[in-house]
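Here is the structure we will look at, set down as structure tokens.
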């Protein structure tokens, strides 16, 4: 009886640790993707071949077209 209870507690602790590790990995991955995306967008804007004014106009036009298509 006591050994069964102890074994069940060990299983619960292992499951809990496994879930915590999965959550931690998922959280870190989401943060990494967010940071990577932000850096990619920033680099794309900074190294764009057109001026900022032209780039903003293109973004505005494409956004307006996308909204109108829905």
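The values are calculated or read from the model by the stated rules, or taken from the named source; none is laboratory data. Treat the numbers as computed from the prediction; the structure is a model and nothing was measured. Here the Cβ positions follow ideal geometry from the backbone for every residue, glycine too, while neighbour counts run over all protein chains shown.
Scanning the stretch 29-36 for residues that are surrounded by 10 or more Cβ atoms within 10 Å (Cβ to Cβ) and either at pLDDT below 90 or outside any helix (DSSP H, G or I) (or both) turns up nothing. Residues in the stretch 57-70 include at least one that is modelled with pLDDT under 85 and more than 18 Å from the chain's Cα centre (by Cα). In the set 57, 68, 9, only one residue is assigned to a helix (DSSP H, G or I), out of contact with any helix residue (DSSP H, G or I) (no Cβ under 8 Å at 6 or more places or on another chain) and surrounded by fewer than 10 Cβ atoms within 10 Å (Cβ to Cβ); that residue is 68.
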